[in-house]
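To keep things clear, I will list the structure first and then write my remarks on it.
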Amino acid sequence: MLIFYSANNSKSLFPIWNQWCLCYVAVVCLLFSPVRTDDACPSSCICARESGTVTCRDGDETEVPGNIPEWTSTMILKGRNISTLQRGAFMTNDTELEMMTLSLSYNGIQAIEPYAFLGLPRLHLLDLSHNRLESISARAFHGLTELRSLYLNYSIMPQATAQLISALSTQSLRNLHRLELTGNRLTSIPLIRLDIYNLHALVLINNSIETIGRENVTNLYQQRRLRVYLSLNPFRCNCDLEAFYYWLKNSSQCPDAGRLLCSEPEAKRGSPVDKLRGEDVDCMNENLEAVSYVFLGIVLALIGVVFLMVLYLNRGGIKRWLNNIREACRDQMEVYHYRYEQDSDPRLANVAV
């Protein structure tokens, strides 16, 4: 009986043992299996899947965080030490993201390499404000065909201005609606042609623009939907501003027109540009005035030449006339000298008495 019981008991324990082994293996697999990338949150970041927002603030990281969740629609990256945006910086395992808003302000970014935003085909808003961009590749914004708003306020260093013009001229930005370039010490509009963009707002506040060229004014007339913001620029209110002045008076495309002030000349400093008189920027009047001064100078020079020629032709008579004057003066002086000698002798004075 004992042997029979033991045999039956051992047979019943085998299924139980197998079940425990299977459970143990399953638990181990769950514990050590890799976490799915679409649920992971980058280190030192805060993820809110409900709103699709990933926020990474402050830190000493020098690169864009890896393993960005695929569900991310808004990413805020601020206060890092990212000096360079490398090619495909936001791609994870060659996977495109559904991100629509990307904020990269205050990260000390100095360079943007080609195809830096590869993998973000649906990006609508890109904020690169308050960085120190010294190098911008001509293909920096390549692939951002759906980009609507680009903010580059207080970010462009002087040596990167020419590179910015090339980067903005790409056909990838054909759907760009708003471009902000406040506080970059720009001296002109950094766009080759305004008619190749779908711009609705161009913000150039607080730069170093002194005048708007006639070619740019012609483009502004053609882009009626475009609104240009130009306050806090040191405009030079002279003849070169004529085309822009009349555009400003006849168009409503500059919402802050009343805040545009003259910086030069001294007599017009602080005067609103749209309050100037037409003759203040009239190139014709300035040209006529310059021509009149030139003509006056020519006339005076001709008079001087004629006078010198008359003197030269009459040099003989003038010489005789000068000799006669000299002789007359000599005779007169001798008479005065003789009288002085007589008056100064006291004996002659007593005889006269």
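The values are calculated or read from the model by the stated rules, or taken from the named source; none is laboratory data. All values derive from a computational prediction rather than experimental measurement. Every residue, glycine as well, gets a Cβ built from its backbone with ideal geometry; the counts of neighbours run over all protein chains shown.
Things worth noting here:
- Qualifying residues in segment 182-201 (those that are under 24 Å from R122 (Cβ atoms) and among the aliphatic types (A, V, I, L, M)) - the one farthest from the chain's Cα centre (by Cα): I196
- Which numbered condition T145 misses (of (1) touching a residue at least 40 places away in the same chain (Cβ under 8 Å); (2) in contact with a helix residue (DSSP H, G or I) (Cβ under 9 Å, 6 or more places away or on another chain)): (1)
- All conditions in (1) surrounded by fewer than 21 Cβ atoms within 10 Å (Cβ to Cβ); (2) within 24 Å of G79 (Cβ to Cβ); (3) of a type outside the set (K, R) hold for S155, with the sole exception of (1).
- Of all the criteria given as (1) farther than 23 Å from R236 by Cα; (2) at pLDDT below 85, the one not satisfied by M284 is (1).
- Within segment 163-214, the set of residues being of a type in the set (A, V, I, L, M, F, W, C), part of a helix (DSSP H, G or I) and closer than 22 Å to E242 by Cβ comprises L194 only.
- Test result for S252, assigned to a loop (DSSP other than H, G, I, E, B), surrounded by fewer than 18 Cβ atoms within 10 Å (Cβ to Cβ) and either in the same structural domain as H124 (by TED's automatic domain parsing) or not acidic (D, E) (or both): yes
- Subset of segment 151-203 (residues that are closer than 23 Å to G119 by Cβ, modelled with pLDDT of 95 or more and touching an Asp or Glu at 6+ places or on another chain (Cβ under 7 Å)): Y151, L152
- Within segment 83-110, residues that are under 18 Å from C41 (Cβ atoms) and among the polar types (S, T, N, Q) sit with their Cβ atoms under 6 Å from residues that are crowded, with 17+ Cβ neighbours inside 10 Å and at pLDDT below 95, at 6+ positions apart or across chains, in these pairs: T92/I68.
- Scan segment 62-87 for residues that are more than 18 Å from L133 (Cα to Cα) and not aliphatic (A, V, I, L, M) and the total you get is 9.
- Residues in segment 127-139 that are touching a Ser or Thr at 6+ places or on another chain (Cβ under 7 Å) and outside any loop (DSSP other than H, G, I, E, B) were compared, and the one that is surrounded by the fewest Cβ atoms within 10 Å (Cβ to Cβ) is D127.
- For segment 84-98, the condition holds for no residue, the condition being that it is in the same structural domain as G143 (by TED's automatic domain parsing), modelled with pLDDT of 95 or more and of a type in the set (G, A, S).
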